[in-house]
């Protein structure tokens, strides 16, 4: 068990920066997920924690120890790779016990640890098999077992589920969460899948272009994104962004967001003070699809109704996605299947402005 | 009329298509058998002829009879040869040279290939190419400079290197190491990088990664290299002919030729017997190692 701390970590490959100055504190027993698009530096960061890449500058601490110059084997970490990396010539038992055998653990203890880990992962029946006799999901479990038996200070996961099919991925996601609840080891998990990040993490670290965009709890990054990137990256379908102008109605009318000549929304009371200094500017209006819903009876405060001509209607079963255009920008809404209109029809919709975001297009910061 | 033609056309079309894949496969199979049999006949003819001749007396070999048939089979050639101390010396020298060369080569080339394939140090790429280029220099060009080097060493240290069977242990690796290293680089490079990283994190040092992960995983490649190496050191003719002369220092290929051909007298029966006996060890080694030659050992290591 240990904390992990990164202090201004930089990594450049042939002068190309992969990680451009990262500060991150991970507490003991915490499950932190690094998430971001390909090439954002998340895997490189993980590999630097593992010791598989050397940091160009900055400091990495595991526990209280500065580990920049400590080889991987002495960092007391365990890593699960994207493509499993099982030793093909060894049985599952041998794969899982390899690290312990190298460290010359007594045989009875090795046996106990492997069997214990196998029980946690439900792979006791597979201990005698070789990797090629296993399915993808089973291989992934063995890879996790190899990490668990070592009882390391830190678990590192490098996109462990991206090679699995969709159904298995969801199942293994739950497994990983269960395992972490049982073993409670500090975990750093890398993924490009924002749903994986949201479901697994105690804290999510959203990365982009070698930098951290935002660190926060899953709810935090979802509901209070700090940048346009985070707002757009977290959540599926992605947040709608519509160019707008913040208009000050002077006096009683208050602030309003003008999306097009025909469509304007009043800014909810609670946000007026926050947005007032930006009045008159061209901004970006952000609203998640689930905040664009069908009209249901009385309008609570902070909601505004409008009519939209539907372009595309996608039934998903428990909900239906409706797409329409506002001033040249496609907007997605999430409505009750019973209330959804057909493509080409005009449908009354409601925007929940209590969850709206305004983004400065110059700085990409959420205001 | 038009309808009838159309029907015939369809029927014929259907007949051609039906089972055409199976038929195509069959035809391909026939042709492969044809060429395989042709090759087998072509390549088995010399050993069969050797075997037939080895069972004949000198008189029968010289007689005008069907050369592909033995009328009075005898094992005298085998008895004569195996009771000659000289022949057994050749055999012993050959065996010692081959085993030593295989050991030296495998140690050197596995270590070299591992470092060239995995430890990306400055100039490793150039070195790997260099290793291969040395293999391209024919041995017939190398033995004269080697003579010079031996003479130089003799002048410098007083150690006589020429006319000792063991000098071949130093000479053959010049042929075997580059090729085996090249084969092994290819094999090691095909092992996923994550495998050594996993081992590194599990606590293995580079030597342990090599011995406990790379060698077992690359075993098919190592066996291929071993077979090549053994064949070269067992059958090489030029170097022992050039560097060894005394009868007690000769290895099998040169020994048979120099002792069984006296002037223009060819003892064909014994030459054939010697050649056949000489060919036995590589055959046995092939048969033995082929059992361990399990291709596709990396299956299951990573996402397939």
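Computed from the coordinates by the stated procedures, all read-outs in this text should not be read as laboratory data. These figures come from a predicted structure and were not determined experimentally. With ideal geometry, Cβ positions are generated from the backbone for all residues, glycine too; neighbour counts draw on all protein chains shown.
Sorted from fewest to most neighbouring beta carbons within 10 Å, what does the list A:291, A:220 look like? Intermediate values should be presented prior to the final figure.
Working: A:291 19, A:220 14.
Final ranking by Cβ density, sparse to dense: A:220, A:291.
If the Kirkwood radius is taken over C-alpha pairs of the protein assembly as shown, then at 20 °C and 1.002 mPa s the Stokes-Einstein diffusion coefficient equals 66 µm²/s.
Which value results when the Cα radius of gyration for segment B:204-283 is divided by 2.2 N^0.38 Å?
Details: Rg = 18.8 Å, N = 80, 2.2 N^0.38 = 11.6 Å.
Dividing the Cα radius of gyration by 2.2 N^0.38 Å gives 1.62.
For chain A, the longest principal axis of the C-alpha atoms and the axis of helix A:107-121 are separated by about 20°. Neighbouring Cβ atoms from other chains, within 10 Å of the Cβ of residues in A:76-84, number 5 on average.
Quick check on the exposure proxy: order A:275, B:135, A:87 from fewest to most C-beta atoms within 10 angstrom. Kindly include the intermediate steps, with their values, before the conclusion.
Working: A:275 19, B:135 16, A:87 22.
Listed from fewest to most nearby Cβ atoms, that is B:135, A:275, A:87.
Note on A:87-94: average number of Cβ atoms from other chains within 10 Å of each residue's Cβ is 5. Cα centroid separation, segment A:195-252 to segment A:123-173: 31 Å. Given R0 = 51 Å, the distance between the Cβ atoms of residue A:12 and residue A:262 translates into a calculated FRET efficiency of 0.50. From the largest down, chain A spans 78, 46, 34 angstrom on the principal axes of its Cα atoms. Calculation over all alpha carbon pairs of segment A:240-359 in 10 angstrom steps from 0 returns a P(r) of 14, 46, 30, 10, 1 percent.
So what is the relative contact order of chain B, in percent, for Cα pairs below 8 Å that sit 6 or more residues apart? All intermediate terms of the calculation are to be shown ahead of the outcome.
Numbers: 267 pairs, mean separation 83.8, N = 304.
Relative contact order for chain B comes out at 28 percent.
From helices alone, chain A scores -7500 deg cm²/dmol at 222 nm; the rule is -39500 (n - 2.57) for each run of n ≥ 4 DSSP H residues, then divide by the residue total. Based on C-alpha pairs under 8 angstrom that are at least 6 apart in sequence, chain A has a relative contact order of 15 percent. Need one number: the % of Cα-Cα pairs in chain B sitting beyond the 34 Å mark. In whole percent, the long-distance tail amounts to 46. Here, P(r) means the percent of Cα pairs in each 5 Å bin from 0 to the largest distance; for segment A:1-70 it is 4, 17, 29, 28, 15, 6, 1, 0.
Among B:122, B:166, B:234, B:268, sorting on how many other beta-carbon atoms sit within 10 Å of each Cβ, with the fewest leading, yields B:122, B:166, B:268, B:234.
If R0 is 22 Å, the Cβ-Cβ spacing of residue B:166 and residue B:284 corresponds to a FRET efficiency of close to 0.40.
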